[in-house]
Amino acid sequence: MGSYDVVVAGGGHNGLVAAAYLAGAGRRVLVLERYAHAGGLAVSARAFPGVDVRLSRYSYLVSLLPTRIVRDLGLDLELRRRRYASYTPMGDTGLLVDNEDDLRTAASFRNVTGGEADHEAWRRFYGMTAEVARALAPTLLEPLRPQAEIERLVGQEAWRDLFARPIGETVDERFRDDTVRGVVLTDALIGTFADPATDLLANRCFLYHVIGDGTGDWNVPVGGMGAVSGALEAAARRAGAEIRTGAEIVGISPSGEVTFVADDGEHTVSGGHVLVNLPPAVLDRVMGRPVTVPEGAQLKVNMVLTRLPRLKDTTVDPRAAFSGTFHINEGREQLAGAYEQAARGEMPELPPAEVYCHSLTDASILGPELRGRAETMTLFGLHMPARLFRKNPDKARKVALDATFASMNAVLAEPIEDCLLTAPDGTPCVEVKTPVDLERDAGLPGGHIFHTDLSWPYAEGGGWGVETEHERILMCGAGARRGGGVSGIGGHNAAMALLR
Ligand SMILES: Cc1cc2nc3c(=O)[nH]c(=O)nc-3n(C[C@H](O)[C@H](O)[C@H](O)COP(=O)(O)OP(=O)(O)OC[C@H]3O[C@@H](n4cnc5c(N)ncnc54)[C@H](O)[C@@H]3O)c2cc1C
């Protein structure tokens, strides 16, 4: 039986971060990954046969990865800022938020809301979240602080509006316009099935969407998500970590023995510590404990287009509208209606969703023959819980896609279907992943994109938020406190828990 200082169970981006730090500090590290490649949910793929486009198959934008980790590990990585934050079509017009032109943004607010109030409220609100980001982000790479300290750190107003009362209440009080309210609230609902009017889970989701790396910016990884994992894998290998792919972990013991199955049979290795990058439900399963499966609630659609669709709003260039987040039927009331329907077990009639075009900011993911002749489009649909797809996954996937395309087409000047590239085999370039597909294809229990519900970035009693009931077993992935999203924070914090 081989023995290591640390066995990292799962080769997602967090496992790679942990491995890079620990091997860099001289520990003997083995990473075990069940698929043929590392990276987990942070990967690029050629999803359509014969179409030379490397799509970020699951996660697609980076905000939460701290610059400190990038520097510490010497990552060869470019994260490109987008000029436009978002565009929200409203009939023949729309709300454009331009990061570099405040006057234009103000005019757009005036045009769609009929006054100055919501733009002023927007500036005040995001001024507040920016301050919270600056204060809170550095703490994510430190041992956990108690609630009272975080409360002092962010100040009374932010504590009340972002932490203590439901974010829906805050948004209703601060903004008047239903569309503006919805634009703000989508950050509270990405990958999170919750009612923002009552459920503080939505606050937690919101918080992680606005504090990333002290700015809350969502940047485009040049080369796609595979470039992020690729840089991390290279760093881990450079530091001396051993990475074994095609190794499915079937058992972890409290004493640090890890059993896995590979092509050449079953093996057991022992680790002084085991750092667990697996979702908590998978850890429970391989430790022989009762398993509670969480529930994911999103639809991911990857597309390649021959051109961007035309907008009803002829004053905005589609290249501006689609390079930021393009909101589709995500008004406050529309979100609430879709949530109610989905909670009853019905497919939302008008699914709320958002799309963005990676290739507008970074064309390097297109093969040379497609550059200038194709664009990518990523759709992330909200309020599509796994329960809708359990009984008849294939039928429900088709119903969900049809409803989502109808929702999108309702705000476009032409059907999205007319813009899809056709692959050499004659099929349109559309790949759909429901939560049940994610469970099957990416090993995500319940299709929950954060492995488990996001947690507050504080706790009484200190620690790194990675500890488990067993001293030798630490969480190092999205399932750690403060771990969700492409951040490396779970991996960093597990490594620090061992090194400090
Ligand atoms: C559709 C989708 C879109 C998303 N979009 C974004 C986004 O744009 N930005 C963002 O920040 N976050 C996004 N997320 C969330 C983000 O991708 C995840 O929270 C993050 O990548 C998790 O990283 P991780 O390393 O902790 O876990 P994972 O990436 O899940 O890695 C876990 C690893 O463990 C391996 N594994 C599992 N079981 C076993 C086993 N038994 N034996 C061996 N190995 C095993 C898996 O194969 C995997 O490689 C998205 C997620 C999804 C699904």
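The values are calculated or read from the model by the stated rules, or taken from the named source; none is laboratory data. None of these values were measured; they are calculated from a predicted model. Quick reminder, even Gly has a Cβ in these numbers, built from the backbone with ideal geometry, and neighbours come from all protein chains shown. Surface areas here come from the heavy atoms of the whole protein model, side chains and all, with no ligands, DNA or RNA. Shrake-Rupley method; radii C 1.70, N 1.55, O 1.52, S 1.80 Å.
Toward the positive end of the charge dipole of the chain, with +1 on the Cβ of Lys and Arg and -1 on the Cβ of Asp and Glu, the farthest Cα among Pro393, Leu335, Ala478 is that of Ala478.
Multiply the residue gap between Leu499 and Thr427 by 0.36 nm, knock off their C-alpha separation, and tell me the result in nm, one decimal place. Fully extending the segment from Leu499 to Thr427 adds 20.8 nm.
Could you work out the helix-only [θ] at 222 nm for the chain, with each DSSP H run of four or more residues adding -39,500 (n - 2.57) and the total divided by the number of residues, to the nearest 500 deg cm²/dmol?
Working: 16 runs with 163 residues, N = 500.
Counting only the DSSP helices, I get -9500 deg cm²/dmol.
In the chain, what percent of the accessible surface is made up of carbon and sulfur (1.4 Å probe, ligands and nucleic acids excluded)? Can you show the working numbers first?
On the way: 8980 of 19060 Å².
Solvent-exposed carbon and sulfur of the chain make up 47 percent of the total.
Positive end of the charge dipole of the chain (Lys, Arg +1 and Asp, Glu -1 on Cβ, about the Cα centre): tell me which of Ala403, Ala36, Gly272 has its Cα farthest that way. Positive-end residue among those listed: Gly272.
Indicate the gyration tensor shape class of the range 253-404 (rounded, prolate or oblate), computed on the Cα atoms with a ≥ b ≥ c the square roots of the eigenvalues: a/c under 1.5 is rounded; otherwise a/b larger than b/c is prolate and the rest oblate. Before the final figure, lay out each step's value.
On the way: a/c = 2.78, a/b = 1.57, b/c = 1.78.
Judged from the Cα gyration tensor, the range 253-404 comes out oblate (a/c at least 1.5, b/c at or above a/b).
Placing a label point 7 Å from the Cα of Arg310 along the Cα-to-Cβ direction, none of the residues of the range 331-371 has a backbone N under 19 Å of that point.
From the Cα gyration tensor of the range 199-314, with a ≥ b ≥ c the square roots of its eigenvalues, which class applies: rounded if a/c is under 1.5, or else prolate if a/b is larger than b/c, or else oblate? Cα axes put the range 199-314 in the prolate bin.
Once you have a ≥ b ≥ c as the square roots of the Cα gyration tensor eigenvalues for the range 196-259, tell me rounded if a/c is under 1.5, and otherwise prolate or oblate according to whether a/b is larger than b/c. Present the calculation step by step, with values, prior to reporting the outcome.
Numbers: a/c = 2.97, a/b = 1.41, b/c = 2.11.
Judged from the Cα gyration tensor, the range 196-259 comes out oblate (a/c at least 1.5, b/c at or above a/b).
Taking the Cα centre of the chain as origin and assigning +1 to Lys and Arg Cβ atoms and -1 to Asp and Glu Cβ atoms, the resulting dipole is close to 720 debye.
Fully extended, how many nm does the chain gain between Asp92 and Arg68 (0.36 nm per residue separation, minus their Cα-Cα distance)?
On the way: separation 24, 0.36 × 24 = 8.64 nm, distance 4.39 nm.
Once the chain is fully extended between Asp92 and Arg68, it gains 4.2 nm.
Pulled fully out, how much extra length does the chain show between His267 and Leu103, if you take 0.36 nm times their separation in residues and subtract their Cα-Cα distance?
Values: separation 164, 0.36 × 164 = 59.04 nm, distance 6.29 nm.
Extra length from His267 to Leu103 when fully extended: 52.7 nm.
Summed over the residues of the chain and divided among them, the accessible surface reaches 38 Å² per residue at a probe radius of 1.4 Å.
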